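Engineer: Handing you a structure now.
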Amino acid sequence: MNATGFEPAPDQDPDTASAPGRIVLLTTSHRVAPGLLSWPAWQALHAADRVLCADGAHPQLPYLREAGIGVGEASPTAEELVGACAGGHTVVVVATGEGEPALTDGLARLAGSGRVQMPELELLPASYDLPGARLLDLVQVMDRIRTECPWSSQQTHKGLAKYGIEEAYELVEAIEEGDRDELREELGDVLLQVVFHSRIAEDDPDTPFSIDDVAGGIVAKLIHRHPHVFGDETATTPEEVKAHWLRTKAIEKQRTSVTEGIPLGQPGLALAAKLASRVRTAGLEVPLPRGEGIGYDLLALAARAEAEGVDPEAALRAAARAYRDAIRGVENGS
């Protein structure tokens, strides 16, 4: 055994020594429970002449050994691995998290040299990330930051509230500007707020909850409010979908007023439009209050915009951006 922990294969039979053999680089995802491997991966592992892994603490090793597969802890060089395949042998290398770049680079150099008869090379993904798998990374990173970062470990829901508002506004701005890169980044910042608050909630001594509770709650809500997707109801138009949603929501909330659940802390135009929307959706006849001053004028404009299907807050922001551009034009002398 040499310094790499690799023991060369015994001398080959002269009749088969010229057969190049096969190398299988087996990759796995740490975002999938260890032991959940694809059938082709299990077939390759059972059929291999040798199975090697450079990381003795690799999470897959206990499950491979439990399945009767002997795994050698070794990190052979490219030349040693090619030599181990001579005679038609198959060697499976269970890749570490880094993907064995030194080994694959060495194999590429050998293949490019033209001096060595190379074995068949196969990259075999043994487990795959499902959609949303990177969210597991986010949860793990947030957990470590909450535990080890002096600032993050002291944060509270109230202390972070202002950041949630800021990130929401920045997301809206990215949407309105049409900047795709900025949109992706701002969505990430909003998602961070959700994960951060959920991690803080885990530490509550009285009523703790986790990100799984948050996700489970919204999943249940979405399924319940989409009976046309998950149940026996039928909806063929957006209007019918909205009717399903509002009807189901009304049963859930059991509210005594259409104004319940409307946050009064939101921007004024958005608040006025939301109130007008609730009135219209409920089929109520509620005249706008009469009064003097710009506030009542703005209320009337917001109600009119909502009735015409216009978001007054977005409309005002668009006009304000045009005003900003005009100001810059004057400043630049154009």
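Engineer: Can you tell me which residue within segment 225-235, out of those that are closer than 20 Å to Thr281 by Cβ and of a type outside the set (Asp, Glu), is farthest from the chain's Cα centre (by Cα)?
Structural biologist: Residues of segment 225-235 closer than 20 Å to Thr281 by Cβ: 225-228, 233, 235.
When the remaining residues are screened for being of a type outside the set (Asp, Glu), the result is 225-228, 235.
Numbers: Arg225: 24, His226: 23, Pro227: 26, His228: 27, Ala235: 30 Å.
Checking each candidate, the answer is Ala235.
Engineer: One residue is enough: does segment 185-198 have a residue meeting the conditions farther than 14 Å from His157 by Cβ, of a type outside the set (Lys, Arg) and in contact with a His (Cβ under 9 Å, 6 or more places away or on another chain)? Don't jump to the end; show me each part of the working.
Structural biologist: Of the residues in segment 185-198, the ones farther than 14 Å from His157 by Cβ are 185-192.
Next cut, of a type outside the set (Lys, Arg) only: 185-192.
Add one more test, that the residue is in contact with a His (Cβ under 9 Å, 6 or more places away or on another chain), and what stays is none.
Looking through segment 185-198, none of the residues is farther than 14 Å from His157 by Cβ, of a type outside the set (Lys, Arg) and in contact with a His (Cβ under 9 Å, 6 or more places away or on another chain).
Engineer: Oh, and also: Starting from segment 309-334, keep only residues that are without any contact (Cβ under 8 Å) to a residue 60 or more places away in the chain, then list their pairs with residues that are part of a helix (DSSP H, G or I) and open to solvent by 60 Å² or more (accessible area, probe 1.4 Å) whose Cβ atoms are within a distance under 7 Å, requiring at least 6 positions of separation or different chains.
Structural biologist: From residues that are without any contact (Cβ under 8 Å) to a residue 60 or more places away in the chain, the pairs are Pro312/Leu301.
Engineer: Follow-up question, since we're still on this one. Given (1) at pLDDT below 95; (2) out of contact with any Pro (no Cβ under 8 Å at 6 or more places or on another chain), where does Glu306 come up short, assuming only one miss?
Structural biologist: (2)
Engineer: Under 7 Å by Cβ, and 6 or more places apart or on different chains, what pairs join a residue from segment 168-193 that is touching a residue at least 24 places away in the same chain (Cβ under 8 Å) with one that is open to solvent by 60 Å² or more (accessible area, probe 1.4 Å)?
Structural biologist: Here the result reads Glu176/Arg317; Gln193/Tyr163, each pair linking segment 168-193 to a residue that is open to solvent by 60 Å² or more (accessible area, probe 1.4 Å).
Engineer: Taking the conditions exactly as written (touching a residue at least 24 places away in the same chain (Cβ under 8 Å), closer than 19 Å to His30 by Cβ and touching a strand residue (DSSP E or B) at 6+ places or on another chain (Cβ under 7 Å)), does Leu138 satisfy them or not? Steps first, please.
Structural biologist: Values: touching a residue at least 24 places away in the same chain (Cβ under 8 Å): yes; closer than 19 Å to His30 by Cβ: yes; touching a strand residue (DSSP E or B) at 6+ places or on another chain (Cβ under 7 Å): no.
Taking the combined requirement at face value, the residue does not satisfy it.
Engineer: Any idea which of Arg225, Arg247 is touching a Ser or Thr at 6+ places or on another chain (Cβ under 6 Å) and either at pLDDT below 90 or not β-branched (Val, Ile, Thr) (or both)?
Structural biologist: Numbers: Arg247 fails: touching a Ser or Thr at 6+ places or on another chain (Cβ under 6 Å).
None of the other options fit; the residue is Arg225.
Engineer: When you check Val32 against the structure, is it within 29 Å of the chain's Cα centre (by Cα), modelled with pLDDT under 95 and open to solvent by 10 Å² or more (accessible area, probe 1.4 Å), yes or no?
Structural biologist: Values: within 29 Å of the chain's Cα centre (by Cα): yes; modelled with pLDDT under 95: yes; open to solvent by 10 Å² or more (accessible area, probe 1.4 Å): yes.
The answer is yes for Val32.
Engineer: Condition first: under 36 Å from the mean Cα position of the chain (by Cα) and of a type in the set (Phe, Trp, Tyr). Can you find one or more residues in segment 287-298 that meet it? Before you say what the answer is, go through the steps one by one.
Structural biologist: Our first condition is that a residue be under 36 Å from the mean Cα position of the chain (by Cα); within segment 287-298, this holds for none.
Within segment 287-298 (the criterion being under 36 Å from the mean Cα position of the chain (by Cα) and of a type in the set (Phe, Trp, Tyr)), the answer is no, since none of the residues qualifies.
Engineer: Considering only helices (runs of 4 or more DSSP H) fully contained in segment 22-118, which possess at least 3 residues that are closer than 28 Å to Val139 by Cβ and not small (Gly, Ala, Ser)? Lay out the reasoning, then the answer.
Structural biologist: Working: elements: 39-47, 61-66, 78-85, 101-113.
Per the criteria, 61-66.
The values are calculated or read from the model by the stated rules, or taken from the named source; none is laboratory data. Values in this document were obtained by computation on a predicted structure and should not be read as measured data. All Cβ positions, glycine included, derive from the backbone under ideal geometry; neighbour counts span all protein chains shown. Surface areas here come from the heavy atoms of the whole protein model, side chains and all, with no ligands, DNA or RNA. Shrake-Rupley method; radii C 1.70, N 1.55, O 1.52, S 1.80 Å.
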